[in-house]
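Engineer: What follows is a single structure, and I will ask about it in a moment.
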Amino acid sequence: MIPRSALAFAFLVAIILSTMHAAGARAATTTEYSQHFGALRKLSVAVAEAMPPEHYAFRPDPGSMTFGELISHIAATNYAFCAGLRDSNPPQTPSPSDKDKDAVVKFLSSSFEYCSALIPNLTEEQLSNVHNSPDGRLPGREVLLAMYVHVAHHRGQAEIYLRDKGIKPPSYMV
């Protein structure tokens, strides 16, 4: 027969180990999200910087956004996704003129900075809870996934705009 003190000790060790494992899993998760977001950020800003200022008003079709509007759309939506994870409203940042490359690139970079301050500090609760997002009410992990897909989708469109102007898009970065 095993003494009660040994059982109690084993139970306590099991609780401590499971808590340590859960804490390690949270850290790895937010680290992974941050790493992927960092790559998303670098490539997106590089694409925005690749277009010359005189082509920021370019639209490949009358029904399309201009290049500047497309990049600004990515930025505004980044703010909305990340504010949703905070259960707050996006910061009141005016959208720049779609023809002002420097202002549009700054707007995009600032949106990534805003999100980069949040993502590594998300708690397991924030990742699991449901939040408002531009794609509706989603659990935090799905908000991040939706944001990453949104950025990649529109960045891919921006790369086509670059190619339409004879500009080779930046190579994929990890």
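The values are calculated or read from the model by the stated rules, or taken from the named source; none is laboratory data. The structure displayed is predicted, hence computed values, not measured ones. As a convention, Cβ positions derive from the backbone with ideal geometry for all residues, glycine included, and neighbour counts pool all protein chains shown. Just the protein is used for accessible areas: all its heavy atoms, side chains included, with ligands, DNA and RNA removed. Shrake-Rupley method; radii C 1.70, N 1.55, O 1.52, S 1.80 Å.
Engineer: Determine the sum of side-chain charges near PRO139: Lys and Arg each +1, Asp and Glu each -1, restricted to other residues whose C-beta is under 14 angstrom from that of PRO139.
Structural biologist: That sum, taken over residues with Cβ under 14 Å, equals -3.
Engineer: Then there is this: Check the straight Cα-Cα distances from LYS165 and name the lysines below 20 Å, setting aside those fewer than 8 residues away within the same chain.
Structural biologist: Excluding near neighbours in sequence, the set is LYS99, LYS101.
Engineer: Checking the cross-link filter: which aspartates and glutamates have an alpha carbon closer than 13 Å to that of LYS168, excluding same-chain neighbours under 8 positions apart?
Structural biologist: Leaving aside aspartates and glutamates fewer than 8 places away in the same chain, those within reach of LYS168 are GLU49, GLU159.
Engineer: Provide the per-residue ³J(HN,Hα) series for segment 142-148, in order, calculated from phi with Karplus coefficients 6.51, -1.76, 1.60 and θ = phi - 60°, each as a whole number of Hz, with x at glycine and proline positions.
Structural biologist: 6, 4, 4, 4, 4, 5, 4
Engineer: Just want the answer: with Cβ charges of +1 for Lys and Arg and -1 for Asp and Glu, which residue in HIS131, PRO170, ALA152 is farthest toward the dipole's positive end in segment 44-174?
Structural biologist: PRO170
Engineer: Here's something else I'd like to know. Order ILE160, ILE74 by their accessible area, 1.4 angstrom probe, all chains in place, largest first.
Structural biologist: Solvent-accessible surface, decreasing: ILE160, ILE74.
Engineer: Then there is this: Tell me the net charge near LEU162. Cut-off is 14 Å between Cβ atoms, LEU162 excluded, with +1 for each Lys or Arg and -1 for each Asp or Glu.
Structural biologist: Neighbour charge sum, excluding LEU162 itself: +2.
Engineer: Give me the dipole magnitude in Debye, nearest 20, for segment 42-174 about the Cα centre, with unit charges on the beta carbon: positive for Lys and Arg, negative for Asp and Glu.
Structural biologist: Approximately 240 debye in magnitude.
Engineer: Students sometimes get this wrong: rank LYS101, LYS168, LYS42 by accessible area, probe 1.4 Å, all chains present, largest first.
Structural biologist: Result, largest first: LYS168, LYS42, LYS101.
Engineer: Kindly report, to the nearest 10 Å², the accessible surface of GLU113 as traced by a 1.4 Å probe over protein heavy atoms only.
Structural biologist: Roll a 1.4 Å probe over it and GLU113 shows about 100 Å².
Engineer: To continue, here is another question. Which sequence of VAL45, VAL149, VAL174 reflects their accessible areas, 1.4 Å probe, from the largest down?
Structural biologist: Result of the area sort, largest leading: VAL174, VAL149, VAL45.
Engineer: Please report the accessible area of LEU145 (heavy atoms, 1.4 Å probe, ligands and nucleic acids excluded) in Å², nearest 10.
Structural biologist: The accessible area comes out at roughly 110 Å².
Engineer: Provide the gained length on full extension for the span HIS153 to ASP61, in nm with one decimal, where the gain is 0.36 nm per separating residue minus the Cα-Cα distance.
Structural biologist: Fully extending the segment from HIS153 to ASP61 adds 31.4 nm.
Engineer: Tell me the relative contact order for segment 127-174 as a rounded percent, counting alpha carbon contacts under 8 Å between residues six or more apart.
Structural biologist: Once divided by the residue count of segment 127-174, the mean separation gives 20 percent.
Engineer: Sticking with this structure for a sec: To the nearest Å, what is the center-to-center distance of segment 155-174 and segment 76-113, using C-alpha atoms only?
Structural biologist: Between the Cα centres of segment 155-174 and segment 76-113 lies a distance of 21 Å.
Engineer: Would you kindly state how much longer the chain becomes between ASP87 and SER171 on full extension, computed as 0.36 nm times their sequence separation minus their alpha carbon distance, in nm to one decimal?
Structural biologist: Length gained between ASP87 and SER171: 26.7 nm.
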